[in-house]
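Peer 1: One structure coming up, written as structure tokens, with questions to follow.
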């Protein structure tokens, strides 16, 4: 019996997967990204963003190992160990990942393949623009039509929730309501936690801060922290450099397990319900300066079919 | 830009259909409860069991839908839920036989997910049995020493000689929207959400 959430690829499908992996490898290679391979076995690490969802194995010494569940963390650890964390570098990877997630649905396997890049050692709007443009070209290479890239700034939600000065548990309840755009719950929670005035108004505005360039002006009114304002200026500079990429925005994106510190992005295509790509900047999180993105091979195949 | 709407059959259907139409969404007409789907010029409609709405919307088969908060919480699906439509109010409660005060060892429910989360939050170790209907019978017959079930008016409970002990969740109908659809079909969805919020607000005041 084959374990749940795993698949065999044969014939035409296997060929198409190989061709797509090849096309993406060439695209990233031509853009100056060098190949990297990292082990599939990792030491157990409770600080890992996917620690709870990763497969665990027992080593011969009795110590617990984790099966690789994500490339960014694995690559960052490898670069730190090799003393390359501060040096400018362009890396690309492709390979299998595993998660214990119980349900296997469209593009949601327990053993799946990701292809991605990391741009390490630099932090600038220019670097982010390079990645956004490359992400868009990757979607074109994969044959995904009419893709749109959505950009978010985690500092928006984070700094506003911090400004409310609430205990961690209440903050988490607010974050969840913002992320689900559950405005009625959000209003109730703010009442219950006694959040008032400008902070309340700004938090309530977050779920609806999405759309085209018109939300940027609105976002500027809502940005209370210095960092959020700087991030907006940074984003404006990125946009100026990649005018060819169709871009939308959502400043109410507030995922939970994130190492991202700067601009984050996803890609959507009409008539496919799930995002095709995800990435962002994570300066100071795993590495001093770094940003990258990853594409899910199975989802890409599904969306391009 | 075509939209696909998933509506729940049963007690939420009429009110959902009416609320969406009143907010300006043109919905194809449905001949009767046995119809499964209907095509329209601008909007397609699919009819589902209440608990099946979240998965259709999360995976983008439907762009939006209406579902009770109870079923939404139970599903654990990753969706936007921008509007509390206000109707279909009910509560999920812990129900026991009058006088039962012993520890809870076995709980029966149509909502095993919510029940388990509630038990864990309370630090209670009890088995959860998933049932598909007439849940109160589990308490009456002794299959379980407590049940978690929907209470609307409490009449059914009283008739069965049971007692509502604690409200676990208050539920109303929610508008749910697929994450991609909200962004790529914002032109149609944003104004719809605004009108539904306005209508829900004036209904409350």
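The values are calculated or read from the model by the stated rules, or taken from the named source; none is laboratory data. Please read all numbers here as calculations on a predicted model, not as lab measurements. In this analysis, Cβ positions are derived from the backbone assuming ideal geometry, glycine residues included, and neighbour counts consider all displayed protein chains.
Peer 1: Looking only at the range A:47-60, count how many residues are in a loop (DSSP other than H, G, I, E, B), loosely packed, with under 14 Cβ neighbours inside 10 Å and at pLDDT below 95.
Peer 2: Total satisfying the criteria: 1.
Peer 1: What residue, of A:267, A:291, is within 12 Å of chain B (Cβ to nearest Cβ), touching a helix residue (DSSP H, G or I) at 6+ places or on another chain (Cβ under 9 Å) and either within 30 Å of residue A:5 (Cα to Cα) or in a loop (DSSP other than H, G, I, E, B) (or both)?
Peer 2: From the options A:267, A:291, the qualifying one is A:267.
Results for (1) within 17 Å of the chain's Cα centre (by Cα); (2) free of Cβ contacts under 8 Å to residues at least 24 places away in the same chain, shown as yes or no for each residue.
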residue	(1), (2)
A:142	no, no
A:146	no, no
A:153	yes, no
A:163	no, no
A:167	no, yes
A:181	no, no
A:187	no, yes
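Peer 1: Give B:28, B:82 a once-over and let me know the one that is surrounded by 15 or more Cβ atoms within 10 Å (Cβ to Cβ) and within 30 Å of residue A:204 (Cα to Cα).
Peer 2: B:82
Peer 1: Can you tell me which residue is modelled with the lowest pLDDT among those in the range A:274-288 that are out of contact with any helix residue (DSSP H, G or I) (no Cβ under 6 Å at 6 or more places or on another chain) and not in a strand (DSSP E or B)?
Peer 2: Filtering the range A:274-288 for residues that are out of contact with any helix residue (DSSP H, G or I) (no Cβ under 6 Å at 6 or more places or on another chain) and not in a strand (DSSP E or B), the one modelled with the lowest pLDDT comes out as A:285.
Peer 1: Let me confirm something: among A:300, A:232, which residue is modelled with pLDDT under 95 and surrounded by 22 or more Cβ atoms within 10 Å (Cβ to Cβ)?
Peer 2: The conditions single out A:300.
Peer 1: Return the residues of the range B:33-67 that are within 14 Å of chain A (Cβ to nearest Cβ), in contact with a helix residue (DSSP H, G or I) (Cβ under 6 Å, 6 or more places away or on another chain) and not in a loop (DSSP other than H, G, I, E, B); say none if nothing qualifies.
Peer 2: Of everything in the range B:33-67, those that are within 14 Å of chain A (Cβ to nearest Cβ), in contact with a helix residue (DSSP H, G or I) (Cβ under 6 Å, 6 or more places away or on another chain) and not in a loop (DSSP other than H, G, I, E, B) turn out to be B:54, B:65, B:67.
Peer 1: Just checking, does the range A:190-213 include any residue being buried (at least 18 other Cβ atoms within 10 Å of the Cβ), within 30 Å of residue A:98 (Cβ to Cβ) and over 13 Å from the mean Cα position of the chain (by Cα)?
Peer 2: Scanning the range A:190-213, I find no residue that is buried (at least 18 other Cβ atoms within 10 Å of the Cβ), within 30 Å of residue A:98 (Cβ to Cβ) and over 13 Å from the mean Cα position of the chain (by Cα), so the answer is no.
Peer 1: Could you count how many residues in the range B:148-205 are within 19 Å of the chain's Cα centre (by Cα), assigned to a loop (DSSP other than H, G, I, E, B) and either farther than 21 Å from residue B:5 by Cα or free of Cβ contacts under 8 Å to residues at least 40 places away in the same chain (or both)?
Peer 2: Of the residues in the range B:148-205, 3 are within 19 Å of the chain's Cα centre (by Cα), assigned to a loop (DSSP other than H, G, I, E, B) and either farther than 21 Å from residue B:5 by Cα or free of Cβ contacts under 8 Å to residues at least 40 places away in the same chain (or both).
Peer 1: May I pose another question? Scan the range B:148-155 and give yes if some residue there is loosely packed, with under 15 Cβ neighbours inside 10 Å, closer than 17 Å to residue B:50 by Cβ and out of contact with any helix residue (DSSP H, G or I) (no Cβ under 9 Å at 6 or more places or on another chain), otherwise no.
Peer 2: The answer is yes, given that some residue of the range B:148-155 is loosely packed, with under 15 Cβ neighbours inside 10 Å, closer than 17 Å to residue B:50 by Cβ and out of contact with any helix residue (DSSP H, G or I) (no Cβ under 9 Å at 6 or more places or on another chain).
Peer 1: For the range A:12-45, which residues satisfy the criterion of being touching a residue at least 40 places away in the same chain (Cβ under 8 Å) and in a loop (DSSP other than H, G, I, E, B)?
Peer 2: Of everything in the range A:12-45, those that are touching a residue at least 40 places away in the same chain (Cβ under 8 Å) and in a loop (DSSP other than H, G, I, E, B) turn out to be A:31, A:32, A:33, A:36, A:37, A:38, A:40.
Peer 1: Quick one: would you say residue B:162 is under 15 Å from residue B:66 (Cβ atoms), buried (at least 19 other Cβ atoms within 10 Å of the Cβ) and more than 9 Å from chain A (Cβ to nearest Cβ)?
Peer 2: Considered against the rule, which asks whether it is under 15 Å from residue B:66 (Cβ atoms), buried (at least 19 other Cβ atoms within 10 Å of the Cβ) and more than 9 Å from chain A (Cβ to nearest Cβ), residue B:162 comes out as no.
Peer 1: If residue B:89 satisfies every condition in (1) under 30 Å from residue B:21 (Cβ atoms); (2) within 14 Å of chain A (Cβ to nearest Cβ); (3) buried (at least 16 other Cβ atoms within 10 Å of the Cβ) but one, which is the exception?
Peer 2: Of (1) under 30 Å from residue B:21 (Cβ atoms); (2) within 14 Å of chain A (Cβ to nearest Cβ); (3) buried (at least 16 other Cβ atoms within 10 Å of the Cβ), only one is false for residue B:89: (3).
Residues are listed down the side, and each one gets a yes or a no for (1) more than 14 Å from chain B (Cβ to nearest Cβ); (2) in a helix (DSSP H, G or I); (3) within 24 Å of residue A:281 (Cβ to Cβ):
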position: A:134; (1), (2), (3): yes, yes, yes
position: A:160; (1), (2), (3): yes, yes, yes
position: A:166; (1), (2), (3): yes, no, no
position: A:171; (1), (2), (3): yes, yes, yes
position: A:177; (1), (2), (3): no, yes, no
position: A:184; (1), (2), (3): no, yes, no
position: A:190; (1), (2), (3): yes, yes, no
position: A:204; (1), (2), (3): no, yes, no
position: A:207; (1), (2), (3): no, yes, yes
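Peer 1: While we're looking at this one, here's another question. If you go through the range B:4-15 one residue at a time, do you hit one that is within 13 Å of chain A (Cβ to nearest Cβ) and either in contact with a strand residue (DSSP E or B) (Cβ under 9 Å, 6 or more places away or on another chain) or under 20 Å from residue B:198 (Cα atoms) (or both)?
Peer 2: Within the range B:4-15, one or more residues are within 13 Å of chain A (Cβ to nearest Cβ) and either in contact with a strand residue (DSSP E or B) (Cβ under 9 Å, 6 or more places away or on another chain) or under 20 Å from residue B:198 (Cα atoms) (or both).
Peer 1: Next up: For residue B:19, which of the numbered conditions (1) touching a strand residue (DSSP E or B) at 6+ places or on another chain (Cβ under 7 Å); (2) surrounded by 18 or more Cβ atoms within 10 Å (Cβ to Cβ); (3) closer than 21 Å to residue B:196 by Cα fails to hold?
Peer 2: (1) is the only condition that residue B:19 fails.
Every residue, every condition in (1) crowded, with 18+ Cβ neighbours inside 10 Å; (2) touching a helix residue (DSSP H, G or I) at 6+ places or on another chain (Cβ under 9 Å), yes or no:
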residue	(1), (2)
A:62	no, no
A:76	yes, no
A:82	no, no
A:91	yes, yes
A:100	no, yes
A:111	no, no
